[in-house]
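Taking it in order: structure first as structure tokens, then the write-up.
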Amino acid sequence: MGPKTRRILLTALGLAITTPSETESRMSLDYLSTLNTAQRQAVETTEGPVLILAGAGTGKTRVLISRMAHLLATGKAWPSQILAVTFTNKAAREMKDRVQSLVGMTGEGVWLGTFHSICVRILRRHAELVGLTPDFTILDTDDQLRLIKQFLQAENIDVKKVPPRMVAALISRWKDRALMPDQVPLSDDSNWGSYSLLQLYKDYQARLQILNAVDFGDLLLLTLNLFKNHPEVLTQYQNQFKYIMVDEYQDTNVAQYQWLKLLAQGTGNICCVGDDDQSIYGWRGAEIGNILKFEQDFPGATVIKLEQNYRSTGHILKAASGFIAHNQGRLGKELWTDGDMGDKVRVHGVWDGIEEARFVGDEVEALQRKGESLSHMAVLVRAGFQTREFEERFLTLGLPYRVVGGPRFYERQEIRDALAYIRLVVNREDSLAFERIVNTPRRGIGAATVQILHQLSRSQGISLARAAEKLIETDEIRGRARTALQGLLQQLEGWSQLLDKERPGDLAGLLLDESGYTAMWKQDKSPDAPGRLENLKELVAAVEEFDTLHSFLEHVSLVTEAQEDATVDKVTIMTVHSAKGLEFDTVFLAGWEEGLFPHPRSIEESGDAGLEEERRLAYVGLTRARKQAIIMYAANRKHYKGWQAALPSRFLQELPEPHIDVRSVPNMSRHDHGSTYDRPRTLSYGARLQKPSSGLVSFSAQEPLLQLGDRVFHNKFGYGLVIEVEGDRVEVNFDHTGPKRVLSTFLEKA
């Protein structure tokens, strides 16, 4: 490109131009002079394949943005010749904004976005080649599940035994692996009678094509197949994208990897930025092997390591680097800083989870008294259920907090459902609770039945439960709905009789099990189902701390009364997964115990690879801390089955001793509840659920509005003659259906 052409380009891009040399000098001051040696090398190495191993806090985002600015400002590429792939729309917006602030360009025209947003753009241009039209619909999760459910029901497959969410997750996993139905190994298939999962996948894809629709996984998969089956289209994009940049390369799945590799075969100028030590999403399809074999996939690649950390103190970095070195599957790098060594990583042992939360609360208050901002502190947990004790402690102390990456403990769907069951056992008149669980899990009580219940409840001024008791004695509802409603009422009565006989925690666990609610989540194969089950166990453990279910519910009402105020300085509580990419002055790492961190499910499912991912997760948590990292473990944890002794995590043994400070070890002789105990045996199912001899709960007497011989009309049964009146229950001889027992509320005089 000649000086004149280059000058025109820079002017068009919004740069204030004097001469080319003056422009380069000014821009060098803007973004190159602020980079360290490794960062500058990463920005200026533009040709050929480049892997930038960017450790935590080493300025990865600055490098990516500076590299894009460099390509634009030096005229190496037009905006439309750059493809920059991120994992979130937020990251894409940030990159555009910062490019503009660096070199005065908006970055418009650059293909910058997530894998899926870029694929949508390509697919709409070439939709006909994959059997779609450009206005194809992208199904959301609800539509996808509804479609899968239709296929299952058409084959008479019980959706309780084969949940649509489980099927959707399996299909999504195949799509992440770039497998169309004819490419799925037969060993991956499973059968439900004569119908198989693979056949459902084929039927599902065929139906999507008829609907001119795609799901989220199709966006990448269909674009990949477009490239493979239509070389002329692939060549078009290979020629267009002169430079390709990819953020968070360690989190790419098989389909994303293949897509990038095809595009990079054009100019060969692909730059992948990532950190093999922060690959923590294997459970959702990420393949760490993609980054580990980069040099094999792209021979002659330049590997640049960013190791100078600008976030954390020396002791934190030394502890983190020594810890992650225990992983075998890594390329190797060591973080360092030219800043202060700071405080050593503290390891603090406590007796139990309650003391753990109390310790953190005390530490937070002490830091606050020193002038530290609450927003600069975070509690990081391995599993979502751990947040409860910290939430309750902070509420007790009046410390504002926010839960990031999910709702507060008592606001989660499964907890609200469970609380509704408990509320009903305590108070049968709670119609809001009754409506929430009447068909959860599904019992065959549909919207029409619920509508009838509401109509009766409003007309007679009674609760939904009392309306249900009246309805099942009539012919207003029949069949499965009537049987299910009767069964639910019998269960509620049986549980209520145990209020003064069973310990609160035992009764809470019992009603969740016998209602089928626990089983519902056990059968659900979606990625979040195990976490929901853990939350339910934590709820039962929380109930154990109270003498009665009444006092527990009072406690919950006080806890949930706390209102959010966006202007208030708050401590952050979140899982380590949610903390990736964030940083805080002080980080409390809770629950470093065997059976919790590393999480046993990861090891059971993936063996050594799972253990290494758990270690990477711990590394991510540790490197969130700027000034102070405090790791905690408990000698005992209270589970839904009682107290259980806990062993310190093996990860504690792997922390390099010169950089840790063990401040406290639990005194094992202080208490005597370190061993497990069995839940006491309860009455048999049948004995508890027998209907009380007194029959239905009596209702206040009402004056009969109808008399024998009255001509009446019913919306469902039509016209008829009243032949018997017993309170508000009336027997009518209908013209077309014969005698029926109904409630007077649903009758009109003809």
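The values are calculated or read from the model by the stated rules, or taken from the named source; none is laboratory data. Since the model is a prediction, treat every value here as computed from it, not as a measurement. Virtual Cβ from ideal backbone geometry, glycine too; neighbours counted across all protein chains shown. Just so you know, the surface numbers come from the protein's heavy atoms only, side chains and all, with ligands and any DNA or RNA stripped out. Shrake-Rupley method; radii C 1.70, N 1.55, O 1.52, S 1.80 Å.
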Of the conditions (1) surrounded by fewer than 21 Cβ atoms within 10 Å (Cβ to Cβ); (2) touching a Pro at 6+ places or on another chain (Cβ under 8 Å), the single one that residue 515 does not satisfy is (1)
Quick one: residue 464 ticks every box in (1) in contact with an Asp or Glu (Cβ under 8 Å, 6 or more places away or on another chain); (2) over 21 Å from residue 425 (Cβ atoms) except a single one, so which number is it? (2)
Mind listing just one residue for me: the one in the range 570-585 that is hydroxyl-bearing (Ser, Thr, Tyr) and surrounded by 21 or more Cβ atoms within 10 Å (Cβ to Cβ) and, of those, farthest from residue 381 (Cα to Cα)? 572
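Conditions tested, residue by residue: (1) in contact (Cβ under 8 Å) with a residue 12 or more places away in the chain; (2) assigned to a helix (DSSP H, G or I); (3) under 20 Å from residue 340 (Cα atoms).
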| site | (1), (2), (3) |
| --- | --- |
| 587 | yes, no, yes |
| 598 | yes, no, no |
| 612 | yes, yes, no |
| 615 | yes, yes, no |
Looking at (1) at pLDDT below 90; (2) within 17 Å of the chain's Cα centre (by Cα); (3) surrounded by 17 or more Cβ atoms within 10 Å (Cβ to Cβ), which one does residue 543 not meet, given that it meets all the others? (2)
Only one of (1) over 25 Å from residue 527 (Cα atoms); (2) in contact with a Leu (Cβ under 9 Å, 6 or more places away or on another chain); (3) open to solvent by less than 70 Å² (accessible area, probe 1.4 Å); (4) not hydroxyl-bearing (Ser, Thr, Tyr) fails for residue 181. Which number is that? (1)
Residues of the range 335-354 satisfying the condition of being open to solvent by 50 Å² or more (accessible area, probe 1.4 Å) and within 31 Å of the chain's Cα centre (by Cα): 354
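Right, residue 449: surrounded by fewer than 18 Cβ atoms within 10 Å (Cβ to Cβ) and more than 30 Å from residue 555 (Cα to Cα) or not?
Values: surrounded by fewer than 18 Cβ atoms within 10 Å (Cβ to Cβ): no; more than 30 Å from residue 555 (Cα to Cα): yes.
When the stated conditions are applied, residue 449 does not pass them.
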Over the range 257-301, the set of residues closer than 18 Å to residue 174 by Cβ and either under 21 Å from the mean Cα position of the chain (by Cα) or hydroxyl-bearing (Ser, Thr, Tyr) (or both) is 257, 281, 282, 283, 284, 285, 286, 287
Can you find a residue that is at pLDDT 95 or above and in a helix (DSSP H, G or I) anywhere in the range 290-309? no
Result of the Cβ filter at 8 Å on the range 514-535, keeping first residues that are farther than 16 Å from residue 166 by Cβ and partners that are open to solvent by less than 40 Å² (accessible area, probe 1.4 Å) and among the polar types (S, T, N, Q), at least 6 apart or interchain, is 514/491; 515/491; 517/440
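Which one of these is within 21 Å of residue 244 (Cα to Cα), open to solvent by 30 Å² or more (accessible area, probe 1.4 Å), among the basic types (Lys, Arg) and in a helix (DSSP H, G or I): 93, 146?
Numbers: 146 fails: within 21 Å of residue 244 (Cα to Cα).
After applying the criteria, what remains is 93.
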Test each condition in (1) open to solvent by 30 Å² or more (accessible area, probe 1.4 Å); (2) at pLDDT 95 or above; (3) acidic (Asp, Glu) for residue 565 and report the one that comes out false. (2)
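Taking the range 724-743 on its own, how many of its residues are within 17 Å of residue 456 (Cβ to Cβ), open to solvent by 40 Å² or more (accessible area, probe 1.4 Å) and either of a type in the set (S, T, N, Q) or touching a Lys or Arg at 6+ places or on another chain (Cβ under 8 Å) (or both)? Steps first, answer last, please.
Pass one, the range 724-743, residues within 17 Å of residue 456 (Cβ to Cβ): 726-730, 732, 740-743.
Subset that is open to solvent by 40 Å² or more (accessible area, probe 1.4 Å): 726-727, 729, 741.
Filter once more, so that each one left must be either of a type in the set (S, T, N, Q) or touching a Lys or Arg at 6+ places or on another chain (Cβ under 8 Å) (or both): 729, 741.
Residues meeting the conditions: 2.
Across the range 186-199, which residue is farthest from residue 256 (Cα to Cα) among those that are assigned to a loop (DSSP other than H, G, I, E, B) and open to solvent by less than 50 Å² (accessible area, probe 1.4 Å)? Write out each step before concluding.
Initial filter on the range 186-199 (assigned to a loop (DSSP other than H, G, I, E, B)): 189-190, 193-194.
With open to solvent by less than 50 Å² (accessible area, probe 1.4 Å) added as a condition, the list becomes 189-190.
Details: 189: 23, 190: 26 Å.
Only one residue fits best here, namely 190.
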Taking the range 201-228 and keeping residues open to solvent by 20 Å² or more (accessible area, probe 1.4 Å) and outside any helix (DSSP H, G or I) leaves 211, 212
Which of the residues that make up the range 295-319 are buried (at least 23 other Cβ atoms within 10 Å of the Cβ) and closer than 15 Å to residue 53 by Cβ? 306, 309
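Among the residues that make up the range 138-160, is at least one of them in contact with a Gly (Cβ under 8 Å, 6 or more places away or on another chain), touching a residue at least 12 places away in the same chain (Cβ under 8 Å) and closer than 27 Å to residue 226 by Cα? Give the derivation first.
In the first step, residues of the range 138-160 are kept if they are in contact with a Gly (Cβ under 8 Å, 6 or more places away or on another chain); the result is 155, 157.
Now drop any that are not touching a residue at least 12 places away in the same chain (Cβ under 8 Å), which leaves 155, 157.
With the extra rule that they be closer than 27 Å to residue 226 by Cα, the set shrinks to none.
No, the range 138-160 contains no residue that is in contact with a Gly (Cβ under 8 Å, 6 or more places away or on another chain), touching a residue at least 12 places away in the same chain (Cβ under 8 Å) and closer than 27 Å to residue 226 by Cα.
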Under the condition of being among the polar types (S, T, N, Q) and open to solvent by less than 80 Å² (accessible area, probe 1.4 Å), which residue from the range 652-674 is modelled with the lowest pLDDT? 667
Based on what the data block shows, is residue 405 modelled with pLDDT of 90 or more and not hydroxyl-bearing (Ser, Thr, Tyr)? no
Which of the numbered conditions does residue 165 fail, given that it passes all the others? Conditions: (1) modelled with pLDDT of 90 or more; (2) open to solvent by 60 Å² or more (accessible area, probe 1.4 Å). (1)
Scan the range 229-288 for residues that are outside any loop (DSSP other than H, G, I, E, B), without any contact (Cβ under 8 Å) to a residue 40 or more places away in the chain and open to solvent by less than 30 Å² (accessible area, probe 1.4 Å) and report the count. 3
Members of the range 48-86 that are open to solvent by 10 Å² or more (accessible area, probe 1.4 Å), part of a loop (DSSP other than H, G, I, E, B), over 21 Å from residue 251 (Cα atoms) and in contact with a Phe, Trp or Tyr (Cβ under 9 Å, 6 or more places away or on another chain): 48, 76
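I'm checking my understanding of the structure. Among residues of the range 617-651 that are in a loop (DSSP other than H, G, I, E, B) and at pLDDT below 95, which one is nearest to the chain's Cα centre (by Cα)?
Of everything passing the filter in the range 617-651, 640 is nearest to the chain's Cα centre (by Cα).
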Inspect the range 489-500 for any residue being modelled with pLDDT of 85 or more, open to solvent by 40 Å² or more (accessible area, probe 1.4 Å) and closer than 30 Å to residue 725 by Cβ and give the result as yes or no. yes
Within the range 366-381, can one find any residue that is buried (at least 21 other Cβ atoms within 10 Å of the Cβ) and closer than 24 Å to residue 610 by Cβ? yes
Looking at the range 707-724 only, could you name the residues that are hydrophobic (A, V, I, L, M, F, W, C) and in contact with a Ser or Thr (Cβ under 8 Å, 6 or more places away or on another chain)? 717
Do we have residue 500 as in a loop (DSSP other than H, G, I, E, B) and of a type outside the set (Val, Ile, Thr) here? yes
